[in-house]
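*Asks:* Quick one: this structure, given as structure tokens, is what I'll be asking you about.
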């Protein structure tokens, strides 16, 4: 039957029901990375509890079922967001000057915190208490990597330039110090003079923390 030659008196046939498989996206080209980008953008604006599958799909202009299709559940999607953002900071350290490497680790944590404003809270409130044992194990292994990097920094200190420190405590301290600049914004804004540049203040704070820690572990 040629194009446009339907049977007289009958309306066009309805499309056949869609079978199981990939859900229909609301916009062409919406895929895995688009959902990750949407979740990452929302984490700049909202606390993790409000970054739901529906909110992520709406941000990406996609069917919420795509979250389940690509990731299995919301927890896996949020883990992928954390993994992508922290990939650089969690990369194994090459041999080098231990003080330089320590500074790089600290600044990397600050970059991680800035890249998604609520990322540290996400890891603590959401992923660490995730219902999925697989996600919890992934997060456990992922967070062990920076601890291992702090251990490597001490191993690279052939000349005894650094004081001994606990790599686990160092990791906790740097994460807490960097995160408070985000989570403590109301207090910070209360204390600084009106019109203070947040970007300039963040840079000065990061430099202060780098000096505080590197001077603290450097032997006199």
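*Asks:* So, in segment 147-157, exactly how many residues are free of Cβ contacts under 8 Å to residues at least 60 places away in the same chain and not in a loop (DSSP other than H, G, I, E, B)?
*Replies:* 7
*Asks:* Are there any pairs with C-beta distances below 8 angstrom linking a residue in segment 158-174 that is assigned by TED's automatic domain parsing to the domain that holds residue 144 to a residue that is loosely packed, with under 12 Cβ neighbours inside 10 Å and assigned to a helix (DSSP H, G or I), with the two at least 6 apart or on different chains, and if so which?
*Replies:* Final answer for the pair search is 163/216.
*Asks:* So if I check each of 96, 108, which one is out of contact with any helix residue (DSSP H, G or I) (no Cβ under 7 Å at 6 or more places or on another chain), at pLDDT 80 or above and assigned to a loop (DSSP other than H, G, I, E, B)?
*Replies:* Step by step, each of 96, 108 is checked, and only 96 is out of contact with any helix residue (DSSP H, G or I) (no Cβ under 7 Å at 6 or more places or on another chain), at pLDDT 80 or above and assigned to a loop (DSSP other than H, G, I, E, B).
*Asks:* In segment 69-78, what count of residues is obtained for those that are surrounded by fewer than 17 Cβ atoms within 10 Å (Cβ to Cβ) and without any contact (Cβ under 8 Å) to a residue 40 or more places away in the chain?
*Replies:* Count: 1.
The values are calculated or read from the model by the stated rules, or taken from the named source; none is laboratory data. What you see is a predicted model, and the numbers here were worked out from it, not measured in a lab. Using ideal geometry, Cβ is built from the backbone for each residue, glycine included, and neighbour counts are taken over all protein chains shown.
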